[in-house]
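Take a look at the structure below.
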Amino acid sequence: MAKKRFFEVTKSFLVLIALFFASALFAQQNTMYTTMPNQFWRNVQFGGGLGLGFGSGYTDISLAPSAIYNFNEYVALGLGVQYKYLKQRDFFASHLYGGSVIGLFNPIPEIQLSTELEQLRVNVNLDGSNSNSQNYWNTGLFIGLGYRSGNATIGGRYNVLTDKNNIYGSAFMPFIRVYF
């Protein structure tokens, strides 16, 4: 029941974000309409992550593009998508995909605080047995702290929703975040 409520809250939050951006774009006077799209896109930054890992019978490929809107020099809000493929030869193959909402706060130019709500669909296929395959949703709520220099931030984040069924090996994860 708690997960159902969480999904409802998440959907409501995403609808409010969409309404906010829609009202910001269309609430301007007609004289401002021609300059508004340019002003909007000046505050948008694109970035994300790319990961490749190969080992003895192990493959890890991930792609996670995202975009943020800078409200001012202190606050930004964005959306991201993610796809990850994991395979351990003779054991399993897994596909993870989903999206995230990220909020960034820069109290001073060098420090970045972040929160990120991530929702991933996990599909795990165990080799040799379809009956042990798993398909489920995994939710993460990350709180992060990083050092920022220009467009890049390096730091760590902690998943406050970690439990024994978490898809990550640890609740704490280092990160490098770059937006252009």
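No value in this document is a laboratory result; all are computed from the given coordinates. Being a predicted model, the structure only gives us computed values, none of them experimental. Cβ atoms come from the backbone with ideal geometry, glycine included; neighbour counts cover every protein chain shown.
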>> At a 10 angstrom cut-off on C-beta neighbours, averaged per residue, how do the peptides 87-94, 49-56, 61-68 rank from highest to lowest?
In response: 61-68, 87-94, 49-56
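Tell me, what is a quarter of the convex hull surface for the C-alpha atoms of the stretch 45-178, in nm² with one decimal? Before the final figure, lay out each step's value.
Values: hull surface 32.9 nm².
Result: a mean projected hull area of 8.2 nm².
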>> Taking amide H atoms as placed 1.01 Å from N in the peptide plane, list the residues 5 or more away in sequence, or in a different chain, whose amide H sits under 5 Å from that of Ile111.
In response: Arg148
> Which ³J(HN,Hα) values in Hz, rounded to whole numbers, follow from the phi angles of the stretch 80-86 under the Karplus curve 6.51 cos²θ - 1.76 cosθ + 1.60, where θ = phi - 60° and Gly and Pro get x?
Replying inline: x, 10, 8, 9, 9, 10, 10
